[in-house]
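Where a number appears in this text, it was derived from the coordinates with a stated rule and is not lab data. Remember, predicted model here, so these are calculated numbers, not experimental data. All Cβ positions, glycine included, derive from the backbone under ideal geometry; neighbour counts span all protein chains shown.
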């Protein structure tokens, strides 16, 4: 793996991790994760599992957004 690919991975995952922390704190301070889990079909889930799944969802959503931001900004810079 070359240095450029490592920078893209780190530049995507690290900020998205911190945003997932913030989003988890905001969302789960207002909404009980067990209620959300029961609404989507996970009736027998623990609080730890609900918080973990929510965090992973937020992390993946932020990473997806960050990855596309990096990819699209790099393709614009290469055309100049």
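Taking the criterion of being surrounded by 13 or more Cβ atoms within 10 Å (Cβ to Cβ), more than 30 Å from residue 7 (Cβ to Cβ) and touching a helix residue (DSSP H, G or I) at 6+ places or on another chain (Cβ under 9 Å), the residues of the range 36-71 that qualify are 36, 37, 42, 45, 49, 50, 51. Residue 13 meets all of the listed conditions (1) without any contact (Cβ under 8 Å) to a residue 40 or more places away in the chain; (2) touching a helix residue (DSSP H, G or I) at 6+ places or on another chain (Cβ under 7 Å); (3) surrounded by 14 or more Cβ atoms within 10 Å (Cβ to Cβ) but one, namely (1). Does residue 48 satisfy the condition of being in contact (Cβ under 8 Å) with a residue 40 or more places away in the chain and assigned to a helix (DSSP H, G or I)? For residue 48, the condition - in contact (Cβ under 8 Å) with a residue 40 or more places away in the chain and assigned to a helix (DSSP H, G or I) - is not met. Residue check: residue 33 meets all listed conditions (1) surrounded by 12 or more Cβ atoms within 10 Å (Cβ to Cβ); (2) over 13 Å from the mean Cα position of the chain (by Cα); (3) free of Cβ contacts under 8 Å to residues at least 12 places away in the same chain; (4) within 25 Å of residue 15 (Cα to Cα) but one, namely (3).
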